[in-house]
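The values are calculated or read from the model by the stated rules, or taken from the named source; none is laboratory data. All figures in this text were calculated on a predicted structure; none of them were measured in a lab. Reconstructed Cβ throughout: ideal geometry from the backbone, glycine too, with neighbour counts over all protein chains shown. Calculation scope for accessible area: heavy atoms of the full protein, side chains included, ligands and nucleic acids excluded. Shrake-Rupley method; radii C 1.70, N 1.55, O 1.52, S 1.80 Å.
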Amino acid sequence: SEYGQLGNGETGEYFVTASKLAFANCNVFTLRNRFMERDPTQEFSSSSSTKDKLLPIREDIRIQAIACGKHHTLAVEADYEEDDDDDDDPTRLRVFSFGCGDYGVLGHGIQSDEYFPREIASFSTSAAWLPPGPLNVSAGAHCSLLQTSNGHVYYWGKHRSVGEAVMRPQLVEALANNSHVVTHCAAGGQTVVCCTEGAQTVAWGQGPHGELGLGTAKSSAKPQFVDTLTGCRIQDLACGYGHTVY
């Protein structure tokens, strides 16, 4: 619980001895029912460098998908279809993140830890409107992915040892602008992999162990096709710390 990734509002920090620090962990199932959102009266700024004022969400939150990274957690709200009588005004599902905020991995625009699940405000704006339907999330060591129902992928954080971090969710334009409909995506230690409806697999990031599947132990700053999987329709996908499984 060192970075708040358990979502219980604390790090559980305590002293074992005068010079030894430890962190309490959860050894039993414990309900997490406190979710936070930014104060709606506070003006949203995509370039904000200060910590937002947060308020607790009053209604109960149900979750449809969850992902655990190295030191952070992502959660996606479930669709309340049975409670929505207005089909012309679909509910915008909320995406929450909590834990370690290094490299912008939480998507809040600032490198700050969050001890309660906090809504990612970028997905509530018109600029990054999420279409109705199921959403999938994946958490790498230092980056996060969200796959929408129309096959688009949003990325934030930093998966490579070089370059700048992406502090807020950003559409992966190399896939969206080339009409790729992503069906599965995953993030690993330093890699990102996406599989498409057209039976193509795309990977990028660090590849010292061959985890990109490009035939050599090399890296790629940009998405590249994994030629050996072209024509193979992937049913499931997982990225480990130094390997990938299809």
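Under Stokes-Einstein, with the Kirkwood radius over Cα pairs standing in for Rh, what whole-number D in µm²/s applies to the chain at 4 °C and 1.567 mPa s? List each step's numbers first, then the result.
On the way: Rh = 19.0 Å.
This corresponds to a translational diffusion coefficient of 68 µm²/s.
Our estimate of slack between residue 174 and residue 27, defined as 0.36 nm per intervening residue step minus the Cα-Cα distance, is 48.6 nm.
Quick one: net charge around residue 116, please, counting Lys, Arg +1 and Asp, Glu -1 for every other residue with C-beta under 9 Å from its C-beta.
Working: positive: 32, 34, 118; negative: 114.
Every neighbour counted, the sum reads +2.
Under the simplified labelling scheme, the residue 227-residue 51 pair shows an inter-label distance of 5.1 nm, with each label point 7 Å from Cα along Cα→Cβ.
In order along the range 226-239, phi translates into HN-Hα couplings of 8, 4, 5, 9, 4, x, 9, 7, 7, 8, 7, 8, 8, 10 Hz, rounded to whole numbers, per the Karplus curve 6.51 cos²θ - 1.76 cosθ + 1.60 with θ = phi - 60° and x for Gly and Pro. Considering only C-alpha atoms, what is the centroid distance from the range 217-246 to the range 1-45, in Å? The range 217-246 and the range 1-45 have Cα centres spaced 34 Å from each other. Rounded to the nearest 20 debye, the dipole size of the chain about its Cα centre is 1300 debye, using +1 on the Cβ of Lys and Arg and -1 on the Cβ of Asp and Glu. How would you classify the range 160-219 from its alpha-carbon gyration tensor, with a ≥ b ≥ c the square roots of the eigenvalues: rounded for a/c under 1.5, else prolate if a/b is greater than b/c, otherwise oblate? Note, shape of the range 160-219 comes out oblate.
Please give the net charge around residue 199, taking every other residue with its beta carbon less than 15 angstrom from that of residue 199, where Lys and Arg add +1 and Asp and Glu add -1.
Values: positive: 233; negative: 197, 227, 236.
Taking every other residue near residue 199 into account, the sum is -2.
Among the chymotrypsin sites (Phe, Trp or Tyr not before Pro) in the range 92-168, those located in a DSSP loop and surrounded by at most 12 other Cβ atoms within 10 Å of their own Cβ are 129.
At 1.4 Å probe radius, can you tell me the per residue accessible area of the chain in Å²?
With the other protein chains kept in place, the chain gives 53 Å² per residue.
Return the loop-located trypsin sites (Lys or Arg not before Pro) in the range 123-230 (DSSP other than H, G, I, E, B) with at most 13 other Cβ atoms within 10 Å of their own Cβ; answer none if there are none. Walk me through the numbers before you get to the answer.
Values: sites: 158, 160, 218; in loops: 158, 160, 218.
Sites meeting the loop and neighbour criteria: 218.
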